[in-house]
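Here is the structure we will look at, set down as structure tokens.
The values are calculated or read from the model by the stated rules, or taken from the named source; none is laboratory data. Everything numeric in this text was worked out from a predicted model, so none of it was measured. Note: ideal-geometry Cβ built from the backbone for every residue, glycine included; neighbour counts use all protein chains shown. We work out accessible area using only protein heavy atoms, side chains counted, and drop any ligands, DNA or RNA first. Shrake-Rupley method; radii C 1.70, N 1.55, O 1.52, S 1.80 Å.
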Amino acid sequence: MQDKVNLLLENAKKEVAALQSSRELADLKVKYLGKTGEVTALLKGMKDIPSEKRAEFGKTVNVLKEQVAALFEEKATALKKEEMLKSFEKDAVDITLDGKKVSFGNLHPLNIVRNKVIDAFIGMGFEVFEGPELELDYYCFQALNIPKDHPARDMQDTFYISDNVVLRTHTSPGQVRVMEKKKPPIKILSPGRVYRADDDASHSPMFHQIEGLVVDKGITLCDLKGILDEFVQIMFDKDTKTRLRPSYFPFTEPSVEVDVTCSECHGKGCKLCKGTGWIEILGAGIVNKKVLENCGIDSDEYSGLAFGLGIERTTMIKYGVPDIRTLFENDVRFLKQFGRK
Ligand code: PHE
């Protein structure tokens, strides 16, 4: 009997010594001390032992049980320590490495410019009004003195939704919507998306405009020039100048095209301004009397000025972006340049 006990203890010692992990230890512990384990089996065999020897047998097996349990406990402590050291080594942090950078998002350049434009005009007393992108032909064209079949319709390649509904080709319908509701004095800004069937390095089928409209007694081209001079100096820099060139829009009379001195070369002539020193920035003019009348405003008493500024164009001039498509490709390498440094 004692031999059997000794052998079992020897085996347990050997097996415990060879253990590599806590998981193996748990399995082996079951093999010896579990419900159907080897030590437990000895205890269960007690009933077959003659009664005079039973007490001694019980003592021996209990001692064995304690010894085996102690073996496991000792090994468990050693393994735990070993495993902890290993995990320290594995998860070690190199405190000399650079920290991870937290990157900030930033506004899209078009939104930066849009906000700047709006801020500049709000500073001059303008209010913001937003009109619909899906617009009635009446507001987009007819009320602006562009009747159906008028040749001026060819100036803007229109996406027609139906005979009488279009994707607005400009923000000018905002002028009519405001003048129909509000009596002068009027001083509004109408920003938003506009659409034209046009797509190349300087045109996108969807782009953004900001319309400006001032209606009051005695408004002239001088007011237009003054407002725009103030605006370009806020938008670009203090030395920026404007130049008005005669042009044609059915809804303004007279109409002008407005140029600014090139932000890149300050008028000397470079690639951005194609050597002229000037870059076209917007269309404008004195509101056509017919448009005032269409909106129920007495054109003998009041006059107005209007301008339509392209946000993409302004952004390209301000930041020297040569291709409009860059503004819509959402390449983060490009967009990141407009964020915090
Ligand atoms: N709506 C014109 C365009 O998109 C610009 C413009 C606005 C011209 C206001 C004159 C007055 O081309």
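Taking the solvent-accessible surface of protein heavy atoms with a 1.4 Å probe, what is the per residue accessible area of segment 2-90 in Å²?
73 Å²
Going by Cα centres, segment 155-180 and segment 226-304 are how many Å apart?
Segment 155-180 and segment 226-304 have Cα centres spaced 21 Å from each other.
Per residue of segment 299-316, in order, report the coupling 6.51 cos²θ - 1.76 cosθ + 1.60 (Karplus, θ = phi - 60°) as ³J(HN,Hα) in whole Hz, putting x for Gly and Pro.
Karplus values, whole Hz, x for Gly and Pro: 7, 7, 8, 10, 9, x, 10, 9, 8, x, 9, x, 5, 4, 4, 4, 5, 5.
Ranked highest first by the average count of other Cβ atoms within 10 Å around their residues, in what order do 265-275, 79-89 fall?
By packing density, highest mean first, the sequence is 265-275, 79-89.
If the cut-off is a Cα-Cα distance under 25 Å, which lysines reach residue 13, setting aside same-chain residues fewer than 8 apart in sequence?
Qualifying lysines at Cα under 25 Å: 4, 29, 31, 35, 44, 59, 65, 75, 80, 81, 86.
If you add up the charges near residue 231, with Lys and Arg at +1 and Asp and Glu at -1, over every other residue whose beta carbon is less than 11 angstrom from its beta carbon, what do you get?
Net of charged neighbours comes to -1.
Net charge near residue 171, counting Lys/Arg +1 and Asp/Glu -1 over other residues with Cβ under 14 Å of its Cβ?
My count for the surroundings of residue 171 gives +1.
Measure nothing but the geometry: give the 0 to 90° angle between the long axis through the Cα atoms of 51-90 and the longest principal axis through the Cα atoms of the chain, rounded to 10°.
Approximately 30 degrees, to the nearest 10.
Out of the total accessible area of segment 149-275 (probe 1.4 Å, heavy atoms of protein only), what percent is carbon and sulfur?
53 percent
What value, in deg cm²/dmol to 500, does the helix sum -39500 (n - 2.57) over DSSP H runs of n ≥ 4 give at 222 nm once divided by the residues of the chain?
Value at 222 nm, helices only, nearest 500: -12500 deg cm²/dmol.
Local charge sum around residue 208 (other residues, Cβ-Cβ under 10 Å, Lys/Arg +1, Asp/Glu -1)?
Within the 10 Å Cβ shell, the charges total +2.
Check residue 127: other-chain or 5+ apart residues with amide H under 5 Å from its amide H, H built from backbone geometry?
Amide H neighbours of residue 127, under 5 Å, 5+ apart: 187, 188, 189.
Treat each spin label as a single point 7 Å out from the Cα along the C-beta direction, and report the residue 107 to residue 193 distance in nm.
1.9 nm
Based on a Kirkwood Rh over C-alpha pairs, give the Stokes-Einstein translational diffusion coefficient of the chain at 10 °C and viscosity 1.306 mPa s in µm²/s.
Value of D from the Cα-based Kirkwood radius: 59 µm²/s.
State in Å² the accessible area per residue of segment 99-187; use a 1.4 Å probe, count heavy atoms of protein chains only, and round to the nearest integer.
About 55 Å² of surface per residue is accessible.
Leaving out same-chain residues fewer than 8 places away, which lysines sit with a Cα under 21 Å from that of residue 187?
Partners within reach: 116, 217, 225, 289, 290.
What accessible area per residue, rounded to a whole number of Å², is obtained for segment 189-317 using a probe radius of 1.4 Å?
For segment 189-317, the solvent-accessible area averages 43 Å² per residue.
I'd like to compare 27-33, 94-100: which one has the highest average count of other Cβ atoms within 10 Å, and what's the full order after that?
Order by mean packing, descending: 27-33, 94-100.
Could you work out what % of the accessible surface of segment 2-90 is carbon and sulfur, using a 1.4 angstrom probe and leaving DNA, RNA and ligands out of the count?
56 percent
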